[in-house]
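A.B. asks: Please read through the structure below; I'll follow up with questions.
What follows draws every value from the coordinates through simple rules; no lab data is involved. Keep in mind that what you see is a predicted model, and the values were worked out from it rather than measured. Please note: Cβ atoms are built from the backbone with ideal geometry, for glycine as well, and neighbour counts cover all protein chains shown.
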Amino acid sequence: MTENPWITHSSRVMYKNAWITVREDQVTRPDGKPGIYGVVETRLATGVLALTEADAVYLVGQYRYPMECYSWEIIEGGSDPGEDALEACKRELLEEAGLTAAQWEPLGGEIHLSNCHSSERGYLYVARGLHEGEASPEGTEALQIRKVPWSEALAMVDSGEIQDALSIMAILRYERVRHMQDASRAESERNFMD
């Protein structure tokens, strides 16, 4: 079933700040009973897998207030009003890590980050041809930057040291791309030898 089984009767904003809006909708549920649905609306979420020529990845460490823990992540952020995902990625890469990139590639399509209570959509990009500059993080960010070999980034995902969803998705998606590229090269070499 792909049609919407929910009926929305009214919607009102319960809370709003620069980053989120919380709304409460009066609905008729799929079972026909009346109910409410709370939705958190956000800006676009963006993630940048910043890779060196040797496939080392830049990670950002910061304390995540809602989770009450320190987190190692790829470079992430949210779009400003009217800003598309790629422009937000470029801005975040410069702000957080002081990096610019010569090449940008999307890493898959749109991601729904917590679709049971949030309308947040995410986009991932791979950045290559990196040039170092000066970072200028926001006042809400106390960041550490770390460059780790690709195998270490994978191990950090596998061990649970990286817990951030966008980071895990970016690293595992890119690992899949690497495997497909390796398989394609191997196939080309076999065809060449035949």
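A.B. asks: What do you get for the angle between helix 150-159 and the principal long axis of the chain? Use alpha-carbon atoms, 0 to 90 degrees, nearest ten.
C.D. replies: The answer is roughly 40 degrees.
A.B. asks: Between Glu152 and Asn17, what FRET efficiency follows from the Cβ-Cβ distance if R0 is 41 Å, with the result rounded to 0.05?
C.D. replies: FRET efficiency, Glu152 to Asn17: 0.65.
A.B. asks: Suppose every K and R has +1 on its Cβ and every D and E has -1 on its Cβ; what is the size of the dipole of segment 42-194 about the Cα centre, in Debye to the nearest 20?
C.D. replies: It works out to roughly 240 debye.
A.B. asks: While we're on this one: Subtract the Cα-Cα distance of Asp25 and Asp80 from 0.36 nm times their separation in residues, and report this length gain in nm to one decimal.
C.D. replies: Result for the pair: 17.2 nm of gain on full extension.
A.B. asks: Suppose the Debye formula is applied to equal point scatterers at every Cα of segment 1-59; what is log10 I(q)/I(0) at q = 0.22, 0.29 Å⁻¹?
C.D. replies: Once normalised to I(0) and log-transformed, intensities are -0.90, -1.09.
A.B. asks: Then there is this: Please find the FRET efficiency linking His131 to Gln163, where r is the Cβ-Cβ separation and R0 is fixed at 25 Å, and quote it to the nearest 0.05. Walk me through the numbers before you get to the answer.
C.D. replies: Working: r = 30 Å, r/R0 = 1.19.
Computed FRET efficiency for His131 and Gln163 comes out at 0.25.
A.B. asks: So what's the angle, to the nearest 10 degrees on a 0 to 90 scale, between helix 165-193 and the longest Cα principal axis of the chain?
C.D. replies: Helix 165-193 sits roughly 40 degrees off the main axis of the chain.
A.B. asks: Now, a different point. Using Cα-Cα distances under 8 Å and only pairs 6 or more residues apart, what relative contact order does the chain have, in percent?
C.D. replies: 20 percent
A.B. asks: Let me ask something additional. Quick check: Cα centre of segment 33-61 to Cα centre of segment 89-111, how many Å?
C.D. replies: The distance from the Cα centre of segment 33-61 to that of segment 89-111 comes to 12 Å.
A.B. asks: Could you give me D for the chain, from Stokes-Einstein at 10 °C and 1.306 mPa s, where the hydrodynamic radius is the Kirkwood radius over C-alpha pairs? Units µm² s⁻¹, please. All intermediate terms of the calculation are to be shown ahead of the outcome.
C.D. replies: Working: Rh = 18.9 Å.
Diffusion coefficient, whole number: 84 µm²/s.
A.B. asks: Separate question: With axes computed from alpha carbons, what is the tilt in degrees of helix 85-97 against the longest principal axis of the chain, rounded to the nearest 10 within 0 to 90?
C.D. replies: Once rounded, one gets 70 degrees.
A.B. asks: Next up: Positive end of the charge dipole of the chain (Lys, Arg +1 and Asp, Glu -1 on Cβ, about the Cα centre): tell me which of Tyr174, Tyr123, Gly32 has its Cα farthest that way.
C.D. replies: Gly32
A.B. asks: Go through Gln144, Thr8, Ile74 and say which Cα lies farthest out towards the positive end of the charge dipole of the chain; charges sit on Cβ, +1 for Lys and Arg, -1 for Asp and Glu.
C.D. replies: Going by the Cα projections, it comes out as Thr8.
A.B. asks: Go ahead and set up a Gaussian network model of the chain, Cα springs under 10 Å, then flag whichever of Val22, Val57, Val126 fluctuates most.
C.D. replies: Between Val22, Val57, Val126, it is Val22 that shows the largest mean-square fluctuation.
A.B. asks: Here is a further query. What length, rounded to one decimal in nm, is gained on full extension from Arg173 through to His112, with 0.36 nm per residue of separation minus their alpha-carbon distance?
C.D. replies: Full extension from Arg173 to His112 adds 20.5 nm.
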